[in-house]
Each structure stands twice: as C-alpha cells, then as structure tokens.
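Structure first, commentary second.
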Amino acid sequence: MKTLTIITGASKGLGFELARQSLKAGDTVVTMERRPSKALVEEADKLDCNFIQFTADLLDRKGAVELLMWLLSDKEYAEHDRLILINNAGVLGPVGPIENASPQAAVDCIRVNFEIPVLLTQAFLNETRSWKGERHEYLFRRRPQVRSGLGHVLFNQSSA
C-alpha cells in the first residue's frame, strides 16, 4: 500500500520514532519541525526512502498551513493509497504559577498545541477531499497535569 505520512514535530521523541517507523514501512514521509533531524535523513538514505524534511515554525500559522497546502498541491501525492497526517508538535509552557507566565508564552502554547493542529487538519482534509486514498489524521498529546493550589497549572503536552 503506497502511503504518504506527514508528521509535525518529528525531530525527537515520539515524532522521531513515528517518522523512523514510517520510513521502515516504506512510506513517503514528510516532516515539519523547528530543527531538522540529521538522523532521519541518514535513516531515509540508508533505507532508500522518499523523505522530505521542512524546517517550519508552527507559531507562524499562515506559513505552516500554506506549506502543507503547497505540499498537497503536488498531484503525485494524490496517487497514494493512504494519507496520514500526524500532528505531534507541541510546546511546554507555561509551567508554574499562572501569574508568573507571560501572556505571549500562554498564547504560543495554545497556538502550537491546539490552534495549529486544528488548522493543519482542516487544510489536510480539504486539500485531499478528492484524492482516492483513505485519509487518517492523528493528534498526539499527553493529558495536562493540574497541581493543587490556586493558579498552578502545568501544561504537560509537549514532545518538544
């Protein structure tokens, strides 16, 4: 089965392993992350797989969505039997008393952990609507941990 797997946040941790396993399965793998992974490039070369790695700042929601739409505009990918989008990227923060967190840190956390996966999934589903392959989308997140005490919330949702 010819599979296109797109993974955000694949430079380390769970995303890295998902990309590595997808490469081993012979998938065409596309990754989007802040820091490129030399190890994934080496793995793809060793396995002689189709691998494309984009350096992307997911805080730039317009840029991230446009990058995905540009990628999916390549009709070569439309011939795949299975299309997978894995939203794995995430940021950790703010940690500790909420009054000590900057407003921008809170906005960035919400943007990368919630807004961007929603927008990328929406673009993925819209751009691949007419494709013949089966479509799957996944969002990987750990549960937020809440500590007792007024105003203490730990956002433990990151692989970053």
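The values are calculated or read from the model by the stated rules, or taken from the named source; none is laboratory data. Here the structure is a predicted model, which means the values were calculated and not measured. Please note: Cβ atoms are built from the backbone with ideal geometry, for glycine as well, and neighbour counts cover all protein chains shown. Only protein heavy atoms, including side chains, enter the accessible area calculation; ligands, DNA and RNA are left aside. Shrake-Rupley method; radii C 1.70, N 1.55, O 1.52, S 1.80 Å.
Only a single item in (1) closer than 22 Å to GLN21 by Cα; (2) open to solvent by less than 10 Å² (accessible area, probe 1.4 Å) is not met by ILE116, and it is number (1).
Among the residues making up the range 21-48, those that are open to solvent by 30 Å² or more (accessible area, probe 1.4 Å) and either in contact with a helix residue (DSSP H, G or I) (Cβ under 8 Å, 6 or more places away or on another chain) or part of a loop (DSSP other than H, G, I, E, B) (or both) are LYS24, ALA25, GLY26, ARG34, ARG35, PRO36, ALA39, LEU47, ASP48.
Between residues in the range 82-106 that are in contact (Cβ under 8 Å) with a residue 24 or more places away in the chain and charged (D, E, K, R) and residues that are part of a loop (DSSP other than H, G, I, E, B) and surrounded by fewer than 15 Cβ atoms within 10 Å (Cβ to Cβ), which pairs lie under 9 Å by C-beta distance while being six or more apart or on different chains? Partner pairs satisfying both residue conditions: ARG82/MET1; ARG82/LYS2; GLU99/GLY151. Within the set LEU67, LEU71, the sole residue that is open to solvent by 30 Å² or more (accessible area, probe 1.4 Å), at pLDDT 90 or above, in a helix (DSSP H, G or I) and not aromatic (Phe, Trp, Tyr) turns out to be LEU67.
Looking at this structure, is GLY15 within 30 Å of ALA106 (Cβ to Cβ) and in contact with a Gly (Cβ under 7 Å, 6 or more places away or on another chain)? Spelling it out, GLY15 is indeed within 30 Å of ALA106 (Cβ to Cβ) and in contact with a Gly (Cβ under 7 Å, 6 or more places away or on another chain).
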